[in-house]
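Just below is one structure, and these are the notes that go with it.
The values are calculated or read from the model by the stated rules, or taken from the named source; none is laboratory data. What you see is a predicted model; the values in this text were computed from it and never measured. With ideal geometry, Cβ positions are generated from the backbone for all residues, glycine too; neighbour counts draw on all protein chains shown.
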Amino acid sequence: MERTTFLVPLRRFDTAKVRLRAQGAADVSTLARALASAVIVACTPRSVVVVCESDDVEEFARAHGVMAWRSGADNLNAALQGATEGLEDRYDRFVVVPGDLRYPEGLSNFEPSSGVTLVADHRGLGTNLLGLPARSGFRFAFGPDSARRHRAEAARLGLPVVEVADSPWRFDVDGIEDLHGAPDSM
């Protein structure tokens, strides 16, 4: 059986969701914690590793019964790079999933392709799920227009890309507009 783990990168809850905070959303720390909890629960009973840089998030991961990987990095891409390199002998595949999906249900049933599997956000720009083989040399490019950059990275490595277009995982929570209403199509 192939060894796959979900990597859930999480920032400190008291500083997470900068755009929501700037837009004046109430109780953002509690919301970030609730979204992350729902993602972890949706991934289990499969293997989950929370990639973090703080004591509070490490404690949160352990309270959910999952492993915490202290990144020591100053940005998401470097943190994920360190985690995949540090864990590549334990796992055959990684599935990176952010801790802010609106509809994370069903993640534990997800089976990535043998190459790269990508679920872009509902705008088609960001990356809301990224499955990849361990030991592939994949360089992460999260941030603006990450879906395009992740496709290019897969091409650079000669890895086939399977894109999942019609998924509830396309919806994450970045701004206040993402908190309201049902998804436009599923």
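Structure summary
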read-out	value
Where G106 falls short, out of the listed (1) at pLDDT below 95; (2) on the phi > 0 side of the Ramachandran plot	(1)
When residues of segment 132-149 are limited to those that are among the aromatic types (F, W, Y) and touching a strand residue (DSSP E or B) at 6+ places or on another chain (Cβ under 7 Å), the one nearest to P9 (Cα to Cα)	F142
Enumeration of residues in segment 119-175 that are more than 21 Å from Y103 (Cβ to Cβ) and among the small types (G, A, S)	A134, S136, G137, A141, G143, A152, A154, A155, G158
Matching residues in segment 67-87 - criterion: being farther than 16 Å from R11 by Cα and buried (at least 17 other Cβ atoms within 10 Å of the Cβ)	T84, L87
Qualifying positions in segment 1-52 - of a type in the set (D, E, K, R) and modelled with pLDDT of 90 or more	R3, R33, R46
Segment 35-66 - residue that is in contact (Cβ under 8 Å) with a residue 40 or more places away in the chain and among the hydroxyl-bearing types (S, T, Y) and, of those, surrounded by the fewest Cβ atoms within 10 Å (Cβ to Cβ)	T44
Filter result (under 17 Å from L159 (Cα atoms) and part of a strand (DSSP E or B)) within segment 90-114	R93, F94, V95, V96
Residue within segment 133-151 that is within 20 Å of E88 (Cβ to Cβ) and among the charged types (D, E, K, R) present	yes
Pairs where the first residue, in segment 2-28, is more than 26 Å from E85 (Cβ to Cβ) and the second is in a loop (DSSP other than H, G, I, E, B) and charged (D, E, K, R), C-beta under 6 Å, 6+ apart	R19/D174; V28/K17
Those residues of segment 7-32 which are surrounded by fewer than 19 Cβ atoms within 10 Å (Cβ to Cβ) and assigned to a helix (DSSP H, G or I), in sequence order	V18, R19, R21, A22, S29, T30, L31
Where A152 falls short, out of the listed (1) hydrophobic (A, V, I, L, M, F, W, C); (2) surrounded by fewer than 19 Cβ atoms within 10 Å (Cβ to Cβ); (3) under 25 Å from L10 (Cβ atoms)	(3)
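Results for (1) in contact (Cβ under 8 Å) with a residue 40 or more places away in the chain; (2) more than 15 Å from the chain's Cα centre (by Cα), shown as yes or no for each residue.
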| site | (1), (2) |
| --- | --- |
| S113 | yes, yes |
| R123 | no, yes |
| P133 | yes, yes |
| P168 | yes, no |
